[in-house]
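The structure appears below as structure tokens.
The values are calculated or read from the model by the stated rules, or taken from the named source; none is laboratory data. Here the structure is a predicted model, which is why all the values come from computation and not from measurement. Backbone-built Cβ (ideal geometry, glycine too); neighbour counts: all protein chains shown.
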Amino acid sequence: MNFKEDLLNELNIEMNDAQEKQFEAYYQFLIEYNKITNLTRITEKDEVYYKHFFDSLTLAKSINLDNVKSMCDMGSGAGFPSIPLKIMYPHLRITIVDSLNKRIVFLQKLAEKLKINHIDLIHDRIENYALTHQETFDLVTARALGSLSLISEMGIPMVKIGGEFIALKGNNYEAEFLDSKKGIEYLGCQVLNVKQYILPNQFGTRFHIVISKTKHVKGFPRQFPIMSKKPL
């Protein structure tokens, strides 16, 4: 494994020694904590580095993170993609919203261990948080969280006009992408791009659905049961 070289060659991201140590500390803490609280089924070092860390950092190729100041990561679990991005782009102001308090507790301890600041960890349901944080963030992300129609309705209302919502998806994204296009447009957005990434060492293929917000539509997200039964 040469994570540092692969970041530079594949993503044009240059990692310094301090950041390299942060990733090592992240990995060690995640593996130890995972023994008492189930956070990830991926525990082999190479897999964590590429399927979690590298995968998270591919966002840097889909959007110019130098222009992003505030980011909301919906249901990030063990901190993906936001914590790897924060390590490499420390100027980012990160908000993570997760409905499971055990994950928030882990992230609080992780942030202390990595000496990360400007990070807000919110224990709440995303659809509730989104109602009181409309047009707040330059970037909202969701990785392996749910169907595109559901996560776009929860995430897009929090994006500022001119900002982006990015859904990180696997190979089976196409059907839900087609099902959600009308709803995404209804919410005042347009799909800018669908970008494909092949992870190094045959660790799989990922897709980013990059959605740009052109106007704000009030009244969303709806209550979760309604969103689930009647997608936009």
Enumeration of residues in region 85-94 that are in contact with a strand residue (DSSP E or B) (Cβ under 9 Å, 6 or more places away or on another chain) and in a helix (DSSP H, G or I): LEU85, LYS86
task: Please tell me if ALA25 is surrounded by fewer than 13 Cβ atoms within 10 Å (Cβ to Cβ) and either more than 17 Å from the chain's Cα centre (by Cα) or part of a helix (DSSP H, G or I) (or both).
output: no
message: I need the full set of residues from region 67-84 which are within 18 Å of ASP55 (Cα to Cα) and in a helix (DSSP H, G or I), in order please.
response: SER82, ILE83, PRO84
- request: State the number of residues belonging to region 69-126 that are among the basic types (Lys, Arg), surrounded by fewer than 23 Cβ atoms within 10 Å (Cβ to Cβ) and under 19 Å from GLU164 (Cβ atoms).
  value: 2
Only listed residue being under 14 Å from the mean Cα position of the chain (by Cα) and closer than 18 Å to ASN201 by Cβ, chosen from LEU65, LEU57: LEU57
message: On the basis of being touching a helix residue (DSSP H, G or I) at 6+ places or on another chain (Cβ under 7 Å) and surrounded by 20 or more Cβ atoms within 10 Å (Cβ to Cβ), does ILE151 make the cut?
response: no
message: Can you confirm whether LYS69 is within 28 Å of SER152 (Cβ to Cβ) and basic (Lys, Arg)?
response: yes
query: Here are some residues: SER76, SER62, SER70, SER99. Which one is in contact with a His (Cβ under 7 Å, 6 or more places away or on another chain) and of a type in the set (Gly, Ala, Ser)?
result: SER62
message: Tell me yes or no: at least one residue of region 140-148 is at pLDDT below 95, of a type in the set (S, T, N, Q) and in contact with a Pro (Cβ under 8 Å, 6 or more places away or on another chain).
response: yes
- line: The residue that is nearest to the chain's Cα centre (by Cα), considering only those in region 9-19 that are surrounded by 13 or more Cβ atoms within 10 Å (Cβ to Cβ) and not in a loop (DSSP other than H, G, I, E, B), is LEU11
query: Out of region 215-232, which residues are on the phi < 0 side of the Ramachandran plot, in a loop (DSSP other than H, G, I, E, B) and not hydrophobic (A, V, I, L, M, F, W, C)?
result: LYS215, HIS216, LYS218, PRO221, ARG222, GLN223, LYS230, PRO231
field: Per-region count, region 35-60, residues part of a helix (DSSP H, G or I) and at pLDDT below 95
entry: 0
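Matching residues to (1) out of contact with any strand residue (DSSP E or B) (no Cβ under 6 Å at 6 or more places or on another chain); (2) of a type outside the set (A, V, I, L, M, F, W, C); (3) surrounded by fewer than 16 Cβ atoms within 10 Å (Cβ to Cβ):
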residue	(1), (2), (3)
GLY183	yes, yes, no
CYS189	no, no, no
GLN196	no, yes, yes
PRO200	yes, yes, no
ARG206	no, yes, no
ILE209	no, no, no
LYS215	yes, yes, yes
PRO221	yes, yes, no
PRO231	yes, yes, no
